[in-house]
Amino acid sequence: MLFNSITFLLFLVIVLTVYNLKLPWKLKKGILLFASYFFYAAWHPPFIILLWISTASDWFIASRLSTADSLRRRKWLLFLSLLVNLGLLIYFKYSVFLLSNFQSILDLTNFRMELPSNSIVLPLGISFYTFQSMSYTIDIYKGRLKPSKNLSDFALYVSFFPQLVAGPIVKAREFLPQLINPKFTKLHNLYWGLLLSTFGLFQKVIVADTLLAPVADTAFEMPSTLSLVDSWVGVLAFSVQILSDFSGYSLIAIGIAYCFGFKLPKNFNAPYSAIGFSDFWKRWHISLSSWLKEYLYISIGGNRKSLNRTYFNLMVTMLLGGMWHGASWSFIMWGALHGFFLVLEHMLKNRFNPKLLKNYVFRTLAGIFTFLLVNIAWVFFRSPEISSSFLYLEAMLGMNEFAIETLNLFQINVTVAVVAATLLAHRFFRYRNLRSEIMRLPSWATSVIWALMIVIILGSDNNANEFVYFQF
């Protein structure tokens, strides 16, 4: 059930209507929980069992954590929670990758061994709800949060349908307190929720799927024949496509949650205006980067020890962040590149004069350089295989001997225009808030923009395509 489908629109109208009946708060939460399970089961019903296992195990373990009378017992309980969650994630997401690489190693040694063939279907959203559930037990272990007394409340936190399959990743201490007091749909909330959702839908359907996806797909399909211009246009198209796709999903999720009276964390903040990679990861997929920083980077030492240890911690965090996105060497390479860029930035930062770091020209050049390196890393993220990534990079360097014109002039012009508009918008919103800027507009202007977006969306002949981050 895709956000960009008529089926979901009908589902949302029904759930909102029932939710706003004069019912007890406990029953309303039960309705939301049932709707969330129905929403998830619509994809592949058997996988809801995995969601139940993760929910029940962490709720049970957390209740024991709060009463454990020794540090050793607390550590064992935390280990059990991580074992269940990461065990499910590793089996369904990484077992085929690990087995295939193990088979490759055996082939190199000429050792014959029959390994089981696996064709495991990846459960939708498992990377997202696994991280959410783990944050609950980790926070209780660290004393940041008291365990929920109500299993149904915790189950709703894990499975809340607007952000269940692709985030934002919400921490338990951000969501569970919102379940204490009754909520209902206020007119103000409905207005902003639907407006944000329309913005998100426009990004997904028009910008990502209609304007840019065909260009990126064409370019990455045949990297061995790409020209210099086509290769750069293709990766720029993908750069804004994945932004519009995932940022669009996040805006829709935040908007829908707002319609029900809930607040979800911001997931994107003009990332292509970033000056340096530390800044980029404060702006791109904020819920994941903050999760990795809090629960991984800081836990393994952060920057509290030597410089070399800090660099090591950065690399480990970004490598695992890359692997979180998918079980392939391409994603590992993407994470490694971002880790390398972060390490290099930390090494160079202390060498520059603090006054230079505030210089407008220097910051502008640093921003351009950051964007270019982000695009180089996107090549590994988008390519189906790591070998294709290197072929694509050769084309970007003008080293392709068999280059032919793959993209037409119209596709190139559209891509350049959309990318330029995106960069200007990100520069504008670097220090501004979307909602505040909308509130400054006259009501008639907001209405016209809103109506135009709806008309363009409805007039699009684009089919309901899945969001890119569903595969993670």
* To do: Being surrounded by 15 or more Cβ atoms within 10 Å (Cβ to Cβ) and not in a helix (DSSP H, G or I) is the filter here, so list the residues in region 67-84 that pass it.
  => Ala68
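Between Ser104, Ser54, Ser95, Ser119, which is under 21 Å from Met323 (Cβ atoms), surrounded by 11 or more Cβ atoms within 10 Å (Cβ to Cβ), among the hydroxyl-bearing types (Ser, Thr, Tyr) and modelled with pLDDT under 85?
Every option except Ser95 fails the conditions.
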* Any hit, region 140-160, residues being hydroxyl-bearing (Ser, Thr, Tyr), within 21 Å of the chain's Cα centre (by Cα) and within 20 Å of Leu16 (Cα to Cα) -> yes
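Regarding region 249-268, can at least one residue be identified that is under 30 Å from Asn408 (Cα atoms), modelled with pLDDT under 95 and part of a helix (DSSP H, G or I)?
Let us first name the residues in region 249-268 that are under 30 Å from Asn408 (Cα atoms), namely 249.
Filter once more, so that each one left must be modelled with pLDDT under 95: 249.
Right, trim to part of a helix (DSSP H, G or I) and you get 249.
Within region 249-268 (the criterion being under 30 Å from Asn408 (Cα atoms), modelled with pLDDT under 95 and part of a helix (DSSP H, G or I)), the answer is yes, since at least one residue qualifies.
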* Out of (1) under 16 Å from the mean Cα position of the chain (by Cα); (2) hydroxyl-bearing (Ser, Thr, Tyr); (3) not in a helix (DSSP H, G or I), the odd one out for Ser299 is which? -> (1)
* To do: For Leu344, state whether it is outside the structural domain of Gly167 (by TED's automatic domain parsing) and in contact with a helix residue (DSSP H, G or I) (Cβ under 9 Å, 6 or more places away or on another chain).
  => yes
* Number of positions in region 195-222 that are over 21 Å from the mean Cα position of the chain (by Cα) and more than 27 Å from Leu409 (Cα to Cα) -> 1
* To do: Keeping to region 393-430, report how many residues are within 25 Å of Ser273 (Cα to Cα) and assigned to a helix (DSSP H, G or I).
  => 20
* Inspect all residues belonging to region 31-48 and state whether any of them is more than 30 Å from Ala208 (Cα to Cα), of a type in the set (Ser, Thr, Tyr) and within 25 Å of the chain's Cα centre (by Cα). => no
* Structure fact -> When Glu385 is run through (1) over 27 Å from the mean Cα position of the chain (by Cα); (2) of a type in the set (D, E, K, R); (3) under 29 Å from Ala336 (Cα atoms), the failure sits at (1)
* Structure fact -> Scanning region 377-392 residue by residue, those part of a helix (DSSP H, G or I) and touching a residue at least 40 places away in the same chain (Cβ under 8 Å) turn out to be Ala377, Trp378, Val379, Phe380, Phe381, Arg382, Ile386, Ser388, Ser389, Leu391, Tyr392
* Asked: Within region 217-231, can you find the residues that are assigned to a helix (DSSP H, G or I) and buried (at least 20 other Cβ atoms within 10 Å of the Cβ)?
  -> Ala219, Phe220, Pro223, Asp230, Ser231
* **Any pair with Cβ under 9 angstrom, 6 or more apart, that starts in region 91-102 at a residue that is farther than 15 Å from Leu50 by Cβ and ends at one that is β-branched (Val, Ile, Thr) and part of a helix (DSSP H, G or I)** => Leu98/Ile90
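Could you tell me whether region 301-318 includes any residue that is over 22 Å from Pro384 (Cβ atoms) and either in contact (Cβ under 8 Å) with a residue 60 or more places away in the chain or touching a Leu at 6+ places or on another chain (Cβ under 7 Å) (or both)? Don't jump to the end; show me each part of the working.
Of region 301-318, the ones over 22 Å from Pro384 (Cβ atoms) are 301-317.
So of that shortlist, the ones also either in contact (Cβ under 8 Å) with a residue 60 or more places away in the chain or touching a Leu at 6+ places or on another chain (Cβ under 7 Å) (or both) come out as 314, 317.
Within region 301-318 (the criterion being over 22 Å from Pro384 (Cβ atoms) and either in contact (Cβ under 8 Å) with a residue 60 or more places away in the chain or touching a Leu at 6+ places or on another chain (Cβ under 7 Å) (or both)), the answer is yes, since at least one residue qualifies.
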* Please name all residue pairs, on different chains or six or more residues apart, with Cβ atoms under 7 Å, provided the first residue is in region 427-451 and is within 28 Å of Tyr360 (Cβ to Cβ) and the second residue is basic (Lys, Arg) and in a helix (DSSP H, G or I). => none
* Please indicate, with yes or no, whether at least one residue in region 319-332 is more than 30 Å from Leu98 (Cα to Cα) and either hydrophobic (A, V, I, L, M, F, W, C) or in contact with a helix residue (DSSP H, G or I) (Cβ under 6 Å, 6 or more places away or on another chain) (or both). => no
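The values are calculated or read from the model by the stated rules, or taken from the named source; none is laboratory data. Not measured: the values here are computed from a predicted model. A quick note on method: Cβ atoms are made from the backbone with ideal geometry, for glycine too, and the neighbour counts reach across all protein chains shown.
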